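Read the structure below first, then the notes.
The values are calculated or read from the model by the stated rules, or taken from the named source; none is laboratory data. Here the structure is a predicted model, which is why all the values come from computation and not from measurement. A quick note on method: Cβ atoms are made from the backbone with ideal geometry, for glycine too, and the neighbour counts reach across all protein chains shown.
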Amino acid sequence: MSQPINTVEEYMAQLPGDRKEDLARLRELIHQVAPNAKEIIKYKMPYYEQNGPLCAFASQKNYISLYILNTPVLQKNADLLGKLNIGKGCIRFKSIDRLPLDAIKKILKESVDANLAHYNDHC
């Protein structure tokens, strides 16, 4: 039985090389857009919060999943993602090189802004 993963560093360390590189780049992008986001392990994957849930990512068997936790923001910007495999709150891709990074940054930034607006309205 494997040990539970408690930190993002532990999560990243157990990944195969190509996935580790892709997810390190994705993690860096998240930190660029949301430098104040809290980074934790939740639901057995790296998870980010800033004035509410922001995003998460996971290495799946056949692809990488990027979960945009403000689903209306993802749906509003889905056309920017081209022919990527998109669910209600999830973007699935095989390599970060296939991601339109400017679109991902825009979606993450809008999620940060939406969380802040919601936080300010309710606090």
Query raised in the report: closer than 15 Å to Leu108 by Cβ, in contact with a His (Cβ under 9 Å, 6 or more places away or on another chain) and among the aliphatic types (A, V, I, L, M): does that describe Ala37?
Result: yes
Requested in this report: Output the qualifying pairs, or none if there are none: Cβ atoms under 6 angstrom, residues six or more apart or on different chains, first residue in region 10-22 and in contact (Cβ under 8 Å) with a residue 60 or more places away in the chain and farther than 21 Å from Leu101 by Cα, second residue surrounded by 15 or more Cβ atoms within 10 Å (Cβ to Cβ) and acidic (Asp, Glu).
Outcome: none
Query raised in the report: How do the helices (runs of 4 or more DSSP H) wholly within region 1-113 filter down when requiring 1 or more residues that are of a type in the set (Phe, Trp, Tyr): which remain?
Result: 8-13
Report task. Could you please let me know if Arg27 is surrounded by fewer than 17 Cβ atoms within 10 Å (Cβ to Cβ) and within 12 Å of the chain's Cα centre (by Cα)? Result -> no
Report summary line: Counted residues in region 3-13 being surrounded by 13 or more Cβ atoms within 10 Å (Cβ to Cβ) and either among the aromatic types (Phe, Trp, Tyr) or out of contact with any helix residue (DSSP H, G or I) (no Cβ under 9 Å at 6 or more places or on another chain) (or both) come to 1
Report summary line: Counting only residues in region 112-121 that are in contact (Cβ under 8 Å) with a residue 60 or more places away in the chain and surrounded by 14 or more Cβ atoms within 10 Å (Cβ to Cβ), the one farthest from Pro35 (Cα to Cα) is identified as Asn115
Query raised in the report: With respect to the numbered conditions (1) crowded, with 17+ Cβ neighbours inside 10 Å; (2) farther than 16 Å from Pro53 by Cβ, which one is the sole condition not fulfilled by Lys106?
Result: (1)
Report task. Give me a count of the residues in region 76-87 that are within 14 Å of the chain's Cα centre (by Cα) and modelled with pLDDT under 95. Result -> 1
